[in-house]
1. In the range B:40-63, which residue that is within 8 Å of chain A (Cβ to nearest Cβ) and acidic (Asp, Glu) is surrounded by the fewest Cβ atoms within 10 Å (Cβ to Cβ)?
2. Among the residues of the range A:91-113, which ones are more than 9 Å from every other protein chain (Cβ to nearest Cβ) and either among the charged types (D, E, K, R) or more than 20 Å from A:Ser260 (Cβ to Cβ) (or both)?
3. In the range B:177-191, which residues are under 15 Å from B:Ile101 (Cα atoms) and touching a residue at least 12 places away in the same chain (Cβ under 8 Å)?
4. Provide a single number: the residues in the range B:239-285 that are at the interface with another protein chain (Cβ under 10 Å from one of its Cβ atoms), closer than 27 Å to B:Ala154 by Cβ and of a type in the set (Gly, Ala, Ser).
5. I need every pair where a residue in the range A:52-70 that is surrounded by 13 or more Cβ atoms within 10 Å (Cβ to Cβ) has its Cβ under 7 Å from the Cβ of a residue that is in a loop (DSSP other than H, G, I, E, B), sequence separation at least 6 or different chains.
6. Give me the residue from the range A:71-95 that is part of a helix (DSSP H, G or I) and surrounded by fewer than 21 Cβ atoms within 10 Å (Cβ to Cβ) and, out of that set, modelled with the highest pLDDT.
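The values are calculated or read from the model by the stated rules, or taken from the named source; none is laboratory data. Since we're looking at a predicted model, the values are computed, not measured. Don't worry about glycine lacking a Cβ; one is built from the backbone with ideal geometry, like all the others, and counts go over all protein chains shown.
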Amino acid sequence: MRDQVAPQAGSDSGGPGADLRWRAGRRVGEGVIAGLLFLCGLVSVLTTVGIVVVLVTESSGFFREVPLVDFLTGTRWSPLYTNQRFGILPLLNGTLLIAVGAMLIALPIGLTSAIYLSEYASPRVRGIVKPLLEILAGIPTVVYGYFALLFITPLLRVAFPSAGVYNAASAAIVVGIMIIPMVASLSEDALSAVPRSLREAAYGLGATKFEVSTRVAVPAALSGIVASFILAISRAVGETMAVTLAAGATPHMTLSFLDSVQTMTAYIVQVSLGETPHGSIEYKTIFAVGLVLFCMTLAMNLVSNRITTRFREVYE
Amino acid sequence: MREAGPARDARFEPRLARRRRNGRMFQAVCLASIAVSLVTLATLLADIAIDGAAWLSGEFLTSFPSRISSRAGIRPAILGTIWIMVLVALISFPFGVGAAIYLEEYAPRGRLTKLIQTNIANLAGVPSIVYGILGLAIFVRYFGFGRSLLAGAATLALLVLPVVIIAAQEAIRAVPSSLREAAYGVGATRWQVVRSHVLPVAMPGILTGMILSLSRAIGETAPLIMVGALAFVAFTPTSPMDLFTVLPIQIFNWTARPQADFHGLAAAAIAVLLVLLLLMNMTAILLRNRYQSKRGQ
């Protein structure tokens, strides 16, 4: 800034006024920069506003044609067929089935991994395992989709011959594996934040390492652990490519992991891959489904946030 | 049997040998959990190496996609991924670092700042496909970018922006305040302090976060499907307004086909993508280590 303003000051005849003007110019430049930086900060707010506005305005057209009650309570979803039905429950069923299956895998494995890393592992082991978990977390979801469809599904079909080429189980397994690193690393952060003095007090009373871990460290870190679980569920609900590839595209009401199901995210992908004309009711469905997906994940993220800030046990 | 008694009794097991044995069993269970992740990682990598090895060749990297599997390649996908990477970096770096500087160095501690900060945290948890819907409505239709590289890159830039901002904020926060105070003490303005003192020290940390964000961006598939990336691109993209494909889209397309040959092609493309991601992550780690050892001196 100084370089741009200084010559202007030099062109004056000098004296105390010039110096003051130079300072004023510097202040204007500072204000401009502060304004630009503020605008950068605003981009994130505009993104949220944009998401909400797009989802609400585009799906309002949809809800003019399909009553909200039918949308939320209908048990058939067939917008791409001649007999169009717009009940989102089958998509919610598919989404939640896979999320629950993924949680059955990720929560116990993630939590015990976190306990191992925080309570048992030597610094050297931790130094090796943590980067490997980061690699697992960094693998693109489409790669997990490939792994689910072409490695896990064939294995499952050997074990359960009634399983289809597309089934909820293989999608749930890979989504579960995908979120283990997230549960493990967030829970480990929570466990590491439990002060040493608590553990030492328990050891002093004669507790074993197992008892210290499960009856002192885990309860003390519970809010962080629960928050990590909720974030993980939110992630599983929003996961797209693995479920699109592995779970198939048949929206229906089922509780069987061997059936093919369709999730909300997989439906959105299916519509955008097809040649759906802009402005048609089929096209508008992606915004309505997207709105439900956004609200669900947002609610879970807010709850998770709230748990970490509200229920955190603070130790001196 | 004590175990069969009421819950209060179950909480204390007086026999030390048994308690130790429980402890060892629990430790074994925890270790097994870690093993699940590591074995899965190894299996996944081995599976891809076995499936893809036969298809990896120089021609595979330089050919266009084809309906005939033996002639198919990933040239447009690699170029598209590089284009996307560069464009996402050009868009998200200034906005992300700008926002981080604002929040750390300029913002008054007030409700608006808190709102922006909470908002960034929440945006990081929005599913990537929702960003795809936003990109479709805003960049493809409203701004009229069409199904172009620019629309895809802008969408992904918004997607990684929260991560870039959070990483940059952490890097800026780690700059010792004595540095700032010394600069203010000799009469520097706020921007001079930021530009000449804070940013140079924070830059390795900012760049590390940027590279990790880019490695997330080039692995994304769903938002680009929404924005309209194609699976068949038989030309080399030359401008940001061109139609495009990227590696993950190509992988998705080939994986979804029934023929085994295309699955081999998908595995080979995955291997290329993973090597690219590995290189980026190694760069980030090297940068971080160098930065840490420098600060340690």
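1. Across the range B:40-63, the extreme among qualifying residues is B:Asp47.
2. Here is the first cut: in the range A:91-113, the ones more than 9 Å from every other protein chain (Cβ to nearest Cβ) are A:91-104, A:106-107.
Once the filter is applied, which keeps residues that are more than 9 Å from every other protein chain (Cβ to nearest Cβ) and either among the charged types (D, E, K, R) or more than 20 Å from A:Ser260 (Cβ to Cβ) (or both), the range A:91-113 yields A:Met103, A:Ala106, A:Leu107.
3. Within the range B:177-191, the subset under 15 Å from B:Ile101 (Cα atoms) is B:177, B:180, B:189-191.
B:Arg180, B:Arg190, listed by residue number.
4. Qualifying residue count for the region: 2.
5. A:Asp70/A:Gly87
6. Of the residues in the range A:71-95, the ones part of a helix (DSSP H, G or I) are A:71-73, A:89-95.
Then drop every residue that is not surrounded by fewer than 21 Cβ atoms within 10 Å (Cβ to Cβ), which leaves A:71-73, A:89.
Values: A:Phe71: 91, A:Leu72: 91, A:Thr73: 90, A:Leu89: 94.
So the residue we want is A:Leu89.
Conditions (1) assigned by TED's automatic domain parsing to the domain that holds B:Pro248; (2) crowded, with 19+ Cβ neighbours inside 10 Å; (3) under 20 Å from the mean Cα position of the chain (by Cα), marked per residue:
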site: B:Asn22; (1), (2), (3): no, no, no
site: B:Leu38; (1), (2), (3): no, no, no
site: B:Pro65; (1), (2), (3): yes, yes, no
site: B:Gly73; (1), (2), (3): yes, yes, no
site: B:Arg109; (1), (2), (3): yes, no, no
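So that you can scan it fast, the table gives a plain yes or no per residue for (1) over 17 Å from A:Tyr146 (Cβ atoms); (2) part of a helix (DSSP H, G or I); (3) at pLDDT 85 or above:
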site: B:Thr40; (1), (2), (3): no, yes, yes
site: B:Leu44; (1), (2), (3): no, yes, yes
site: B:Ile50; (1), (2), (3): no, yes, yes
site: B:Glu59; (1), (2), (3): yes, yes, yes
site: B:Phe64; (1), (2), (3): yes, no, yes
site: B:Pro76; (1), (2), (3): yes, yes, yes
site: B:Gly80; (1), (2), (3): yes, yes, yes
